[in-house]
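The values are calculated or read from the model by the stated rules, or taken from the named source; none is laboratory data. What you are looking at is a predicted structure, and each value in this text was computed from that prediction instead of being measured. Cβ placement follows ideal geometry from the backbone for every residue including glycine, while neighbour counts extend to all protein chains displayed. These accessible areas exclude ligands, DNA and RNA; they are computed on the full protein's heavy atoms, side chains included. Shrake-Rupley method; radii C 1.70, N 1.55, O 1.52, S 1.80 Å.
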Amino acid sequence: LDETADRFPNKIALTDGRRTLTFEELRAESRRLASELIRRKIFRQPVAILLEQSVESIICMLGAAYSGNFYTVVDTKMPAPRMKKILDTFEPALIIDKQNFIELTDGDIDDQLLEKTARKINCMDVLYVLFTSGSTGMPKGVTIGQRSVMEYTEWVTRTFNVDEHDIIGNQAPFDFDVSVKDIYSGLSTGATIHLIPREYFSVPVQLMDFLCEREVTICTWAVSALCFVSIMGGLDYRLPESIRQVIFSGEIMPVKQLNVWRKHLPNARYVNVYGPTEITCNCTYHVVDREFANDEVIPMGKPFANERVFLLDEHDELVEEPGEVGEICVSGTALGLGYLGDAERTAAAFVQNPANPRWNETIYRTGDLAAYDAEGNLVYAGRKDNQIKHLGQRIELGEIEACVLGVDGVSQACCIYDARRKKIRLFFAGAAQKEEVMEHLHAHLPSYMMPNTTRQMDRLPLTKNGKIDRNALAQLKRRRAR
């Protein structure tokens with residue numbers, strides 16, 4: 001931010017529709033808040049941000065960084081019990097909300113204090129903590145260091161040619177790691193960040209007007225957000241011709257929905273990126289460079305610079321042959337620093353590479369499965385916990401879902417395995433008839449992979465981060481069963 005503010009002091013850094021700041025103003029406001037944190041003797045401590053997605057939220061993030069602290073952003077709309085679990089785990093030295101934000105940014109900037117503090121900060125310090133769901137019901141606080149974000153951002157901006165002429169349309173919530181690309185790419189290059197109001201992602205007319213009027217050039221969005229636009233006919237209503245790059249992640253992108261975007265904006269570059277929160281956003285990418293059939297899976301591609309991404313089979317042996325499935329494992333500088341205050345979970349997920357007995361090489365085992373295609377690209381094959389044993393056969397639920405998405409008129413698909421009743425449950429949304437879906441599955445899948453029940457819905461439930469909510473579908477089935 002210091003370097004960018006020196007280069008472009010009067011250029012707009014970010015706007016949320018209510019407030020707009022130049023890079024120089026953003027630097028000043030962030031340093032003002034940081035000065036107050038230092039005066040309060042808060043250093044290398046957790047700072048919780050309980051604000052709406054706004055300019056003020058980013059001031060708080062940067063204020064925490066300038067003062068040598070680390071932050072987490074807590075969604076103010078989440079249920080109170082979950083918020084309490086997060087705050088209990090995070091143990092913040094300070095909670096910043098609407099009430100105390102003005103007080104914290106009302107003082108003077110103390111350049112001497114800031115300079116003294118800066119000398120104590122190093123690149124291995126924590127920058128932020130993001131909370132993801134935990135199987136035990138306790139959220140996991142993924143801890144990410146400054147070095148990881150700096151190297152990742154440098155690579156992303158260079159590879160995707162982000163510069164000061166770009167206008168980034170931010171969709172991702174700040175407690176979701178996709179937003180890291182938007183925020184830090186803008187800060188490091190001088191690109192302007194426009195925070196898109198969350199409610200626009202349920203009103204396609206407003207969303208498309210926003211993109212066109214703000215002349216957005218880069219959309220780094222969840223798959224569900226892109227599908228919302230294509231399914232609801234947003235691109236037919238108004239075409240945001242300024243968009244030059246669409247980067248998507250979080251789930252498998254349905255080819256038919258991607259093709260709607262490619263048809264309307266054929267000159268834009270489309271990039272599939274993959275990676276869990278634990279490895280600083282993403283570790284692989286694939287630029288879409290050809291036509292794909294509706295039932296194909298767009299490759300995850302190849303590793304980012306300075307990261308090693310490889311596959312291990314069930315015997316912890318390296319997988320190298322095309323078509324052979326293994327668990328995706330990652331090592332490199334983007335690796336997270338573990339789970340905050342949870343050594344046991346950290347030790348289970350961040351482990352010594354079993355294929356390397358010669359020196360200390362920590363890897364993260366993602367739990368995701370993939371295989372290499374003939375070009376050496378990784379292709380997603382599902383989750384380890386979505387690989388089931390049914391009728392004596394190993395089945396990837398993702399393979400069934402990909403087949404369903406190959407049916408014209410299907411916009412979403414999800415399979416749930418009811419282990420107690422030993423039944424595969426299929427849920428899908430779209431205009432296709434159930435009979436068409438089943439006929440297509442019978443023509444393309446062996447009998448043991450056929451769903452035992454199929455339910456058509458208007459729209460599948462989504463998590464706040466835009467992924468299909470498998471837990472909600474499983475609960476729905478259980479309630480119906482009772």
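Couple of notes before you dig in:
- Residue list for the stretch 204-248, filter: open to solvent by 30 Å² or more (accessible area, probe 1.4 Å), of a type in the set (Val, Ile, Thr) and at pLDDT 95 or above: 205
- Those residues of the stretch 101-123 which are assigned to a loop (DSSP other than H, G, I, E, B), touching a residue at least 40 places away in the same chain (Cβ under 8 Å) and closer than 24 Å to residue 147 by Cα, in sequence order: 120, 121
- Any chance residue 98 is without any contact (Cβ under 8 Å) to a residue 60 or more places away in the chain, of a type outside the set (S, T, N, Q), closer than 24 Å to residue 198 by Cβ and open to solvent by 90 Å² or more (accessible area, probe 1.4 Å): yes
- Screening the stretch 179-266 for helices (runs of 4 or more DSSP H) wholly inside it with 3 or more residues that are under 30 Å from residue 5 (Cβ atoms) and over 16 Å from the mean Cα position of the chain (by Cα) returns the ranges 204-214.
- Restricting 432, 413, 402 to residues that are small (Gly, Ala, Ser), modelled with pLDDT of 90 or more and crowded, with 20+ Cβ neighbours inside 10 Å narrows the list to 413.
- Listed conditions (1) touching a helix residue (DSSP H, G or I) at 6+ places or on another chain (Cβ under 7 Å); (2) more than 19 Å from residue 384 (Cα to Cα); (3) open to solvent by less than 20 Å² (accessible area, probe 1.4 Å) are all met by residue 330, apart from (2).
- Residue match in the stretch 40-49 (condition: open to solvent by less than 70 Å² (accessible area, probe 1.4 Å), over 19 Å from residue 18 (Cα atoms), within 21 Å of the chain's Cα centre (by Cα) and of a type in the set (Phe, Trp, Tyr)): no
- Candidates 176, 160, filtered to the one that is within 15 Å of the chain's Cα centre (by Cα), surrounded by 15 or more Cβ atoms within 10 Å (Cβ to Cβ) and within 21 Å of residue 191 (Cβ to Cβ): 176
- Scan of the stretch 435-482 for residues that are assigned to a helix (DSSP H, G or I), open to solvent by less than 70 Å² (accessible area, probe 1.4 Å), within 30 Å of residue 176 (Cβ to Cβ) and without any contact (Cβ under 8 Å) to a residue 60 or more places away in the chain, ordered by number: 472, 473, 474, 476
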